[in-house]
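Comments concern the structure below.
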Amino acid sequence: MDKVRVGLIGSGFVSAIHYEALRRVPRAEVVAVASPRGATRFAAERGIPRGFADYRQLLECRDVDMVVVGVPNDLHCRITVDAAAAGKHVVVEKPLALNLDEADRMIEACRQARVKLMYAEELCFAPKYVRLKELVDEGALGRVYLVKQSEKHDGPHSDWFWDVRRSGGGVAFDMGCHAIEFFRWMLGKPPALDVYAHLSTSVHFDKTQGDDNAVILVNFAGGATGLAEESWSKPGGMDDRAEVYGSEGVAYADLLRGSSILTYSERGYSYAVEKAGLTRGWSFTMFEEIWNYGFPQEFEHFVNCVAEDREPRETGEDGRAVLQVLMAAYESARTGRRVSLPFRPAVRAPIELWKPGILGMRAPEPGNPA
């Protein structure tokens with residue numbers, strides 16, 4: 001396959017990043033976008049040939065080989081199953097799904113259709129973190145016993161994240177996904193044994209019933225521990241850092257600071273991708289942010305997997321493993337106890353484990369993506 005023709009499902013913040021990443025992949029061509037609000041504008045601004053209000057129209061396009069799902073979490077399962085039935089390879093933004101039943105449906109639908117289900121975890125492609133993993137793999141740090149990852153800013157970029165009926169949880173579900181898969185990848189993907197977590201709504205009481213601050217501790221087979229610190233409660237822009245401790249060394253990686261411009265502005269300025277509530281005063285202005293995060297590298301890998309029929313580095317099964325750990329984290333936060341894995345609760349979304357009954361209202365009709 002010479003070119004992989006891509007359809008974007010969604011036209012919001014993350015779909016704009018997906019487009020910019022794919023634009024840098026020579027083998028990829030974005031040929032369509034679907035969204036009930038904004039597809040026409042999104043397509044016109046970027047020179048994409050077609051824009052559809054209904055994603056099912058995009059799935060009918062015979063020249064679309066792969067779709068990228070960048071929509072609210074409650075739509076992931078339905079769209080993925082429909083895309084598989086249409087014979088399209090699927091890239092799904094994190095988290096994979098709202099629950100394990102949905103994850104299993106998605107994995108099985110893609111397996112039956114013989115299409116690839118790829119899990120979009122860009123941290124596994126971020127250049128600094130890739131080099132960090134090379135240090136671990138070559139034994140430079142000795143036996144790894146602790147891996148830490150933190151991602152903190154002052155809140156999500158789209159309003160639906162605040163609505164737990166759509167998002168399924170708070171910051172632990174949104175950004176804890178990054179940390180859990182980062183741990184698994186860095187350690188060689190061993191099974192997680194148990195989880196302990198503390199979640200709180202510390203700042204955004206007026207916006208969400210979900211958690212806006214989270215600490216998650218995961219023990220893995222082989223003796224290593226992962227410690228995640230995730231927050232929607234930190235002002236002043238984005239922090240994204242990792243640390244790896246071993247018997248013979250330690251390494252620290254700040255994903256953003258070493259590649260940014262220290263800036264002072266009395267007027268403020270527009271950020272391209274970074275999350276910052278305010279850019280007046282001192283700030284860190286990112287250079288080539290989507291490259292530092294690994295988005296182009298991630299999509300080049302996924303496109304090559306489709307073109308060459310190769311197994312992706314990050315799959316639906318990886319997304320499912322992350323989802324199970326996060327389910328256990330929400331259960332731990334409610335009980336105050338360590339939760340052993342495997343763990344398969346019968347709930348619609350993780351938030352129900354922390355706050356039982358919170359989703360007792362009728363779930364919204366999925367419809368088309370926002």
Only listed residue being under 20 Å from the mean Cα position of the chain (by Cα), assigned to a helix (DSSP H, G or I) and farther than 17 Å from V115 by Cα, chosen from E45, E20: E20
Residue identified as free of Cβ contacts under 8 Å to residues at least 24 places away in the same chain, hydroxyl-bearing (S, T, Y) and either in a strand (DSSP E or B) or within 24 Å of D174 (Cβ to Cβ) (or both) among Y245, Y252: Y252
Taking the options K94, K148, name whichever one is in contact (Cβ under 8 Å) with a residue 60 or more places away in the chain, buried (at least 21 other Cβ atoms within 10 Å of the Cβ) and basic (K, R). K94
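Residue-by-condition table, conditions (1) outside the structural domain of I48 (by TED's automatic domain parsing); (2) surrounded by fewer than 18 Cβ atoms within 10 Å (Cβ to Cβ); (3) within 26 Å of E230 (Cβ to Cβ):
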| residue | (1), (2), (3) |
| --- | --- |
| D101 | no, yes, yes |
| R111 | no, yes, no |
| E134 | yes, yes, yes |
| D159 | yes, yes, yes |
| S167 | yes, no, yes |
| C177 | yes, no, yes |
Confirm whether K128 is basic (K, R) and at pLDDT below 95. yes
Pick out the one residue from A85, A34 that is within 24 Å of G316 (Cβ to Cβ) and buried (at least 22 other Cβ atoms within 10 Å of the Cβ). A34
Enumerate the helices (runs of 4 or more DSSP H) found wholly within region 121-210, keeping only those where 3 or more residues are farther than 23 Å from C77 by Cα. 127-137, 176-187
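For residues in region 302-350 being aromatic (F, W, Y) and surrounded by 23 or more Cβ atoms within 10 Å (Cβ to Cβ), which is nearest to R24 (Cα to Cα)?
Out of the qualifying residues, it is F302.
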Scan region 218-243 residue by residue and report those that are among the aliphatic types (A, V, I, L, M) and at pLDDT below 95. M238
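Residues R56, R62, R37: which one is in the same structural domain as V306 (by TED's automatic domain parsing) and in a helix (DSSP H, G or I)?
So the residue among R56, R62, R37 that is in the same structural domain as V306 (by TED's automatic domain parsing) and in a helix (DSSP H, G or I) is R56.
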So D240 passes all but one of these: (1) touching a residue at least 12 places away in the same chain (Cβ under 8 Å); (2) surrounded by fewer than 21 Cβ atoms within 10 Å (Cβ to Cβ); (3) of a type outside the set (V, I, T). Which condition number does it fail? (2)
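The values are calculated or read from the model by the stated rules, or taken from the named source; none is laboratory data. Worth saying up front: this structure is predicted, and the values here are computed from it rather than measured. As a convention, Cβ positions derive from the backbone with ideal geometry for all residues, glycine included, and neighbour counts pool all protein chains shown.
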